């Protein structure tokens, strides 16, 4: 099989950088893109704010404590979408095989490119130069033989960096990496692996496939391949979003009555993520996992799609009221999601549905 050439482009602190570009007073300042308030989460933070520990998806009130001098700017997703479209137009000069992940990042398959540039590295360099010159923004790029490695590479020299992982580099580059670099390895999985003495990709690579499958089921096969730099997933153009969700696994199991603040925070995350989409979600989903690992879902499709974060939150909390379980029941996870995405003209009112 011929080696593919994949580029992952990731705009640097995208929303905050657009705000700083368009308002000279914000340049060099710690900018936090977020609605201010107890229920809000950070959509983006400039690198000046990140130096204080401010990160995307953290509660805005916590960001304010970390960086009292931060300038809070409400997000303007219409403007961000327009800038994102301009980056896509630059990408299309080089290849038609583009898989956007969000407004600020995308995979490009440049195994064959339109401009006749001799290497994927040259393509990535040219794209970054065009973004800088035409949009007055910076982007980081990763170049590798597959999507998994390209995404790791784009983060390697952020911001405004370019990093290349060659096939022959895999056995030296991958093993020292912390396991958190592997897609899907969140804090909970990381703790489970730590109980097995696994802290690095090299540690994980030492485990046999059957052991990984015993502990992680089908995901064990995926872990086995990724630790060896194997990723056969293709760059898929115009992959439609099926759902957007956020969930939280608790350190200690809690009763349903204590989940409200968590649902508020997760709804804010989901709403912010949904603003990156051109299509509109019609269905709100609440997911719960009991301490016995039983999963419950409740969903609601209102007459009109949720028009605000407050509306999304209200529906999610109403769904919680439809969970008929003993007050003594404890839960280990809660999640909030949006699904049933439609083009805006298709999202016309339909009868309300409750699904179980």
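How would you classify the chain from its alpha-carbon gyration tensor, with a ≥ b ≥ c the square roots of the eigenvalues: rounded for a/c under 1.5, else prolate if a/b is greater than b/c, otherwise oblate?
Details: a/c = 1.58, a/b = 1.20, b/c = 1.31.
Since a/c reaches 1.5 but b/c is at least a/b, the shape of the chain is classed as oblate.
Hey, what did the chain get for relative contact order, percent, Cα under 8 Å, at least 6 apart? Spell out each step's value before the answer.
Details: 681 pairs, mean separation 52.8, N = 356.
Rounded, it is 15 percent for the chain.
Go ahead and set up a Gaussian network model of the chain, Cα springs under 10 Å, then flag whichever of 244, 295, 263 fluctuates most.
Checking each option, the largest mean-square fluctuation is seen for 295.
What is the fewest-to-most order of 35, 156 by other Cβ atoms lying within 10 Å of their Cβ?
156, 35
With a 10 Å radius around each residue's Cβ, average the other Cβ atoms per peptide and rank 104-110, 176-182, 53-59, highest first.
Values: 104-110: 23.6, 176-182: 14.9, 53-59: 17.4.
For the peptides 104-110, 176-182, 53-59, the packing ranking is 104-110, 53-59, 176-182.
Just want to confirm a number: the relative contact order over the stretch 243-355, from Cα pairs under 8 angstrom separated by 6+ residues, in percent.
Working: 222 pairs, mean separation 49.8, N = 113.
So the answer I get is 44 percent.
Where a ≥ b ≥ c are the square roots of the eigenvalues of the C-alpha gyration tensor, would you call the stretch 175-226 rounded, which needs a/c under 1.5, or, failing that, prolate if a/b is larger than b/c, or oblate?
On the way: a/c = 1.35, a/b = 1.22, b/c = 1.10.
Rounded, since a/c falls under 1.5.
Among 43, 309, which comes first, then next, by fewest other beta-carbon atoms within 10 Å?
309, 43
Report, for the chain, the % of DSSP beta bridges that are antiparallel, rounded to 5. Present the calculation step by step, with values, prior to reporting the outcome.
Numbers: 47 of 53 bridges.
Taking every DSSP beta bridge with both residues in the chain, the antiparallel ones total about 90 percent.
From the helices alone, meaning DSSP H stretches of at least four residues, give me the mean residue ellipticity at 222 nm for the chain, per-run term -39500 (n - 2.57), in deg cm²/dmol to the nearest 500. Numbers along the way, then the final one.
Numbers: 13 runs with 121 residues, N = 356.
Result for the chain: -9500 deg cm²/dmol, rounded to the nearest 500.
Rule-based calculations on the coordinates, nothing more; no lab input. The shown structure was predicted, so the numbers you read here are calculated from the model rather than taken from an experiment. No Cβ is skipped: glycine too gets one built from the backbone with ideal geometry, and neighbour counts run over all protein chains shown.
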